[in-house]
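Since every read-out is calculated from the coordinates, none of them should be taken as a lab result. Everything numeric in this text was worked out from a predicted model, so none of it was measured. When we count neighbours, we look across all protein chains shown, and the Cβ atoms used for this are built from the backbone with ideal geometry, even at glycine.
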Amino acid sequence: MTTLLVGNLSPKTTASDLQTIFSAFGEISSLRMARDEAGHARGFALVDLEHRAAAIAVQALKGVELRGRTIDVVVDRPLSDGGRQVGRGGSSKHRKPPIGQR
């Protein structure tokens, strides 16, 4: 099984939208849309497909537009500590200050 990270999703994107798109490549074993504590969409989802189907989906969905946004589909990479590398964030205490404030 391969987990795909689907990014740049519109807040209007539904699980049903993703189910329709990804089921064309094979059976989806899991589909999880990321939401914040208030239940608002965070703009990405995780989709589990069989390895070959996932590889085909990554290539086929490059540049595809969904609900007004071009989606990003990549293979999700687990972190070495067993967690997942998801989102763009991180602890702000480890970020460099903007140039000019260093």
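Assuming 0.36 nm per residue, please report the length gained on full extension of the stretch SER16 to GLU65 beyond their Cα-Cα distance.
Working: separation 49, 0.36 × 49 = 17.64 nm, distance 1.55 nm.
Once the chain is fully extended between SER16 and GLU65, it gains 16.1 nm.
Counting Lys +1, Arg +1, Asp -1, Glu -1, what net charge surrounds GLU65 among other residues with beta carbon under 15 Å of its beta carbon?
Details: positive: LYS12, LYS62, ARG67, ARG69; negative: ASP17, ASP72.
Charge balance near GLU65 sits at +2.
List every residue whose amide H lies under 5 Å from the amide H of LEU66, counting only residues 5 or more places away in sequence or on a different chain, with H placed 1.01 Å from N in the peptide plane.
Sorted by chain and number, the residues that satisfy this are ILE71.
What's the local net charge at GLN19, with K and R +1, D and E -1, over the other residues with C-beta under 13 Å away?
Details: positive: ARG32; negative: ASP17, GLU27, ASP48.
Charge balance near GLN19 sits at -2.
What shape does the range 2-78 have by the C-alpha gyration tensor, where a ≥ b ≥ c are the square roots of the eigenvalues, rounded means a/c under 1.5, and otherwise prolate means a/b greater than b/c and oblate the rest? Don't jump to the answer; show the numbers that get you there.
Working: a/c = 1.71, a/b = 1.39, b/c = 1.23.
The shape class here is prolate.
So, in nm, how far is label ILE56 from label SER23 when the simple model puts each one 7 Å beyond its Cα toward the Cβ?
My value for the distance between the label points is 1.7 nm.
Count the net charge of all other residues whose Cβ sits under 11 Å from the Cβ of LEU9, scoring Lys and Arg as +1 and Asp and Glu as -1. Don't jump to the answer; show the numbers that get you there.
Values: positive: LYS12, ARG42, ARG67, ARG69; negative: ASP17, ASP72.
Computed value for this residue: +2.
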